[in-house]
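See structure below.
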Amino acid sequence: MRKCMVIGSFDPVTVGHAELIRRAAELFDRTYAVIMHNSEKQYLFSGEQRLRLLELACGGIYGASADIYEGYAADYAREQKIDCIVRGIRGEADVAYELEMARFNRARYPDAQTIFLPAYGDMASVSSTHVRELLAAGGDIDELVPKGTAELMRRYYADISAQGAEKS
């Protein structure tokens, strides 16, 4: 059984992420979409919220599942005996960073290859940052996030905003 992982912060998950997971699932028997959680980094959504949204995004993709991990991608790959780390490339700006990460992961776990899948069409312009900006402005996110996640995302955002207002 060939296994891959698609990694990211997924803050929040977008249609671009879901498309990458779907494409990876076509190439491998098992696809793990893994939130790489860094406790030193600031996220809009909690790890639990991001995991629930990612689970919904993976729900209709055969062989795909969601997970969350604090640590290095290569360590998760070793623990799960992952054959390949799949990364999406939206444009030139992503290439240098992704190559550096591929080299780092290869040094930590040589058994896993890294492959890059280019984003096609409109997917190249979709970003979690844009979704967060639209949420903050009350804009429409429905076309930018996987089916079944927009309403829950808005609810999570409303809760976060309400908590922020209470602290002020």
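Annotations
- Restricted to Cα atoms, the chain shows a radius of gyration and a Dmax of 15.9, 52 angstrom.
- The mean sequence distance of close C-alpha pairs (under 8 Å, at least 6 residues apart), as a share of the length of the chain, puts its relative contact order at 27 percent.
- Residue order, fewest to most surrounding Cβ atoms within 10 angstrom, among 82, 141, 115: 115, 141, 82
- Degrees separating the helix 128-137 axis from the principal Cα axis of the chain, which is the longest one: 0 degrees
- Lys, Arg +1 and Asp, Glu -1 on Cβ, resulting dipole of segment 3-167 about Cα centre, debye, nearest 20: 300 debye
- Degrees between helix 92-108 axis and first principal axis of the chain (Cα, 0 to 90, nearest 10): 60 degrees
- Value at 222 nm in deg cm²/dmol, rounded to 500, when DSSP H runs of n ≥ 4 in the chain each add -39,500 (n - 2.57): -14500 deg cm²/dmol
- Residue order, fewest to most surrounding Cβ atoms within 10 angstrom, among 120, 32: 120, 32
- FRET efficiency for residue 100 and residue 38, using Cβ-Cβ distance with R0 set to 22 Å, rounded to 0.05: 0.85
- Extended-chain gain in nm, criterion 0.36 nm per residue less alpha-carbon gap, residue 26 and residue 48: 5.2 nm
- For the chain, 58 stand unpaired, since no other cysteine beta carbon lies under 4.7 Å from theirs.
- Sites count as exposed loop sites when they are GluC sites (Glu not before Pro), lie in a DSSP loop, and have at most 10 other Cβ atoms within 10 angstrom; the longest stretch of the chain without one is 41-142.
- Added length on full extension, which subtracts the Cα-Cα distance from 0.36 nm per residue, residue 90 to residue 160: 22.3 nm
Every number in this text was worked out from the coordinates using simple rules, so none of it is lab data. Just so you know, these numbers come straight off a predicted model, no measurement behind them. For neighbour counting, all protein chains shown are included, and Cβ atoms are generated from backbone atoms with ideal geometry for every residue, glycine included.
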